[in-house]
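Have a look at this one.
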């Protein structure tokens, strides 16, 4: 439900902009508001669960998410829509960490990987089909429908939680003093960081005083937050669980995974549609195999985890993803549709293998009473890393296109044999199409300029894919720090 919501809304943004009379910059606050509020609430899921009861908090979050989805569909202005999206993020942010914690605590050790595989199957298929569903709803009805479609699922979720979810006996309810100072540092630091990552590219990063201010607030806020949580007796967010080597390694890996996964997912549609001139439908078809491969790999990894262990599966997945990114770094403007699909499928298998094995291994050494805190921290690191990945790839793409264009132009001059021959051929072609000699020459120069621009962009995309591949290859080193707790878990059960 949460995965569908993130992808389905983005498809309707152009229609929202026209319907609500918003600028491009203003309408981007619709997804930004949701992401910002969901990221802020994730780290304190454990605190709120222990204070109000996990089932009660899960029900409240589901109800808030569903109700705010309905209100988003009924929004009458951009301001009301952004406000309801913030409420939706406050309700949706806790759902995935709570779901993971419940699954981890419910199933015995030998079944946890399979449970996480089935869980991941839904998490991946939701965003995979959401753009298609959202596009159809938007084209045939209106953007309001992309929010209404979530409501029936939300109602079913509330009924199922009421019937089947129960708080475990070891989940102690605490009603002591709340660490308000720690929460203030968390909200200010994490909020400023998330806004900076979301808006940095539009504001030209540190050329903007607004971004510089956000960077200072984020750095100071998060530094004070970490210091506060490590020194206070009852922290709002228990950072001490990072002392667990398995969990620390897992969060580092999921951070790197989030950067590359979201960064690659961000630039691929632009590569296909803007550079390779794919229609939107064919662009969607080219991306779909990765999601389907991920879903299949997740289901298979749940079964293979107990046989091969986390190191082999995570290491294999990292290598497969690295190879796929390196293959993407060798693309040309003449690449075929089948080549794109084949590499996407390989990448999907790698990502799917990593996701299940990594989440299972990272949480395998966490005590059950600390599971909710661990899943909240695990998810927020993945989310923030994903935002960083999008911001990083967008900046590298813009910078790379400008730099590559300048380098290519240095090798072009009218007295060069290849350049002169190309201009003569193009000028003759446009002259034969009815243009006068002067207009034909100017048109030929514009076409040559477009060729240079497309080649510069292609080199920039290839460079980013190479860097992402190198990031995954370097992450293989961290695999050796992961502890295999399968045998210990099975003995404990026996």
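FYI, it's all coordinate maths here, none of it is from the lab. Predicted, not measured: the structure shown is a model, and the values here were computed from it. When we count neighbours, we look across all protein chains shown, and the Cβ atoms used for this are built from the backbone with ideal geometry, even at glycine.
Along the Cα-to-C-beta direction of residue 277, a point sits 7 Å from the Cα; which residues of segment 324-358 have their amide N less than 20 Å from that point?
Only 331-341 fall inside the zone, counting backbone N under 20 Å.
Taking neighbour Cβ counts within 10 Å as the exposure measure, how do 234, 55, 177 sort from fewest upward?
Ordered by Cβ neighbours within 10 Å, fewest first: 177, 234, 55.
Of the listed peptides 240-251, 261-272, what is their order by residue-averaged count of other C-beta atoms within 10 Å, with the highest listed first?
Order by mean packing, descending: 261-272, 240-251.
Relative to the present Cα-Cα distance, how much length would full extension add between residue 342 and residue 177 at 0.36 nm per residue of separation?
Fully extending the segment from residue 342 to residue 177 adds 53.9 nm.
A follow-up question, please. Counting other beta carbons within 10 Å of each Cβ, put 143, 29, 205 in order, fewest first.
Listed from fewest to most nearby Cβ atoms, that is 205, 29, 143.
Here is a further query. First measure r as the distance between the Cβ atoms of residue 334 and residue 10, then evaluate 1/(1 + (r/R0)^6) with R0 = 30 Å and state the FRET efficiency to the nearest 0.05.
Taking R0 as 30 Å, the efficiency between residue 334 and residue 10 is 0.50.
Can you tell me how much longer the chain between residue 327 and residue 402 gets when fully stretched, taken as 0.36 nm per residue apart minus their C-alpha distance, in nm with one decimal?
24.7 nm
Using the per-residue mean of other Cβ atoms lying within 10 Å as a proxy for protection, in what order, highest first, do the peptides 286-295, 219-228 fall?
The packing order, highest mean first, is 286-295, 219-228.
Mind giving me the FRET efficiency for residue 451 and residue 210? R0 is 30 Å, r the Cβ-Cβ distance, nearest 0.05 is fine.
0.20
In what order do 447, 2 fall by count of nearby beta-carbon atoms within 10 Å, going from fewest to most?
Going from least to most buried by this count: 447, 2.
Okay, moving on. Run the simple label-point estimate for residue 230 and residue 159 please: 7 Å along Cα→C-beta, distance reported in nm.
Placing both labels 7 Å along Cα→Cβ, they lie 5.0 nm apart.
Here's something else I'd like to know. For segment 1-176, what is the relative contact order in percent, using Cα pairs closer than 8 Å and at least 6 residues apart in sequence?
Computed over segment 1-176, the figure is 38 percent.
Say R0 is 35 Å: what FRET efficiency, to the nearest 0.05, do residue 270 and residue 307 get from their beta-carbon distance?
0.30
Under a crude label model (7 Å from the Cα following the beta-carbon direction), how far is residue 299 from residue 411 in nanometres?
4.8 nm
Which label marks the calculated value of Cα Rg over 2.2 N^0.38 Å, given the options (i) 1.02; (ii) 1.13; (iii) 1.06?
So the structure-derived entry is (iii).
Do you know the relative contact order of the chain, to the nearest whole percent, from alpha carbon pairs under 8 angstrom that are 6+ apart?
Reported as a whole number, the value is 21 percent.
Relative contact order for segment 247-350: what is it in percent, counting Cα pairs under 8 Å that are at least 6 residues apart?
Averaging sequence separation for qualifying contacts and normalising by length gives 38 percent for segment 247-350.
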